[in-house]
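Input: a single structure, listed below in structure tokens.
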Amino acid sequence: MSGKHVAIFRFSPGEGAGYFQTYLDQHKISWQLFQLDRGDPVPIELEQFSGFVFMGGPMSVNDPLPWIPPILDLIRHAVAHGQPCLGHCLGGQLISKALGGVVTKNPVKEIGWNPVRVEDNAEARRWLGDELVDRRDFTTFQWHGETFTIPPGATRILTGDVCRNQAYVIGNSLGMQCHVEMTPQMIQTWCRDWASEHVDPNLPSIETPEEMMAEMHANLAQLNAVADRLYGTWCEGLQR
């Protein structure tokens, strides 16, 4: 592996880079992990990185956490200078807020395997391909209680029934509410915290750990294929 690193930001111990790390390793793209949950500082010299990736976390972007303002500044600087940003769930919310969007509570929580619909627009076709756009929907993994607005200048490419804004793009940056980075180990780890969410398992947007695990292997193969397409398009914008 050579060239500039992709900077990956982790905000919680259970939120590793998951399948995104697998994708980078398979394509021999170098990366560096910043564990903000362990006190790693937000880097200042941004020119040494080819792109910036923000993972998920149980906190809110509206919490008074010391690392949030410098992360928002980093995102604004990166987008202004053409360095691609990629956000998963909390990461997508951070990008939205940095670029003028608003993050609020979603009407209901989404936890488990839930479908999203693909928008029929030029950006969706660029990022996801004609076949998936024409198919219209796919099943992804969800675990969130908040939602973002589409920031000014961005285009929504994924939507859902109980959470309208599932993914957007702006230039060579991508923000997602859904989780395409899941691995079996991540799902198993997250399921241990299911009871702490205090959710009603009878809601259509909620699955139990048993339901998530039963559907995992069949759904992950499809989700990995979607992630390959999204990550591949994103990596085309890396500043090597």
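The values are calculated or read from the model by the stated rules, or taken from the named source; none is laboratory data. These numbers were taken from a predicted model, which means no experiment stands behind them. Neighbour counts run over all protein chains shown; Cβ positions are idealised from the backbone, glycine included.
Yes/no matrix, rows are residues, columns are (1) at pLDDT 95 or above; (2) charged (D, E, K, R); (3) not in a helix (DSSP H, G or I):
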residue: 15; (1), (2), (3): no, yes, yes
residue: 22; (1), (2), (3): yes, no, no
residue: 28; (1), (2), (3): yes, yes, yes
residue: 73; (1), (2), (3): yes, yes, no
residue: 104; (1), (2), (3): yes, no, yes
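As a summary of the residue check, residue 210 satisfies the conditions (1) part of a helix (DSSP H, G or I); (2) under 20 Å from residue 88 (Cα atoms) except for the one numbered (2). Scanning the range 30-48 for residues that are of a type in the set (Val, Ile, Thr) and either assigned to a helix (DSSP H, G or I) or at pLDDT 95 or above (or both) gives a single hit, 42.
A Cβ distance below 6 Å, combined with a sequence gap of six or more or placement on separate chains, defines the contacts here; from the range 122-133, residues that are assigned to a helix (DSSP H, G or I) reach residues that are among the acidic types (Asp, Glu) in the pairs 133/120. The residue that is farthest from the chain's Cα centre (by Cα), among those in the range 116-162 that are closer than 23 Å to residue 212 by Cα and of a type in the set (A, V, I, L, M, F, W, C), is 162.
Of the residues that sit in the range 72-115 and are crowded, with 23+ Cβ neighbours inside 10 Å and of a type in the set (Val, Ile, Thr), which one is nearest to residue 239 (Cα to Cα)? Checking each candidate, the answer is 75. Close Cβ contacts (under 9 Å, 6 or more residues apart or on different chains) running from residues in the range 42-59 that are under 13 Å from residue 31 (Cβ atoms) to residues that are charged (D, E, K, R) and exposed (fewer than 14 other Cβ atoms within 10 Å of the Cβ) comprise 50/240. Exactly one residue out of 169, 118, 133 is modelled with pLDDT under 95 and in contact with a helix residue (DSSP H, G or I) (Cβ under 8 Å, 6 or more places away or on another chain): that is 133. Every listed requirement among (1) of a type in the set (A, V, I, L, M, F, W, C); (2) surrounded by 13 or more Cβ atoms within 10 Å (Cβ to Cβ); (3) closer than 25 Å to residue 13 by Cβ is met by residue 226 save one, (3). For the range 227-238, the criterion of a residue being modelled with pLDDT of 95 or more, out of contact with any Leu (no Cβ under 9 Å at 6 or more places or on another chain), part of a loop (DSSP other than H, G, I, E, B) and within 23 Å of residue 103 (Cα to Cα) is satisfied by no position.
Residue by residue through the range 37-62, note down the ones that are of a type in the set (A, V, I, L, M, F, W, C) and out of contact with any helix residue (DSSP H, G or I) (no Cβ under 8 Å at 6 or more places or on another chain). Matches in the range 37-62: 44, 49. Screening the range 181-207 for residues that are surrounded by 13 or more Cβ atoms within 10 Å (Cβ to Cβ) and of a type in the set (A, V, I, L, M) and picking the one that is nearest to residue 19 (Cα to Cα) gives 182.
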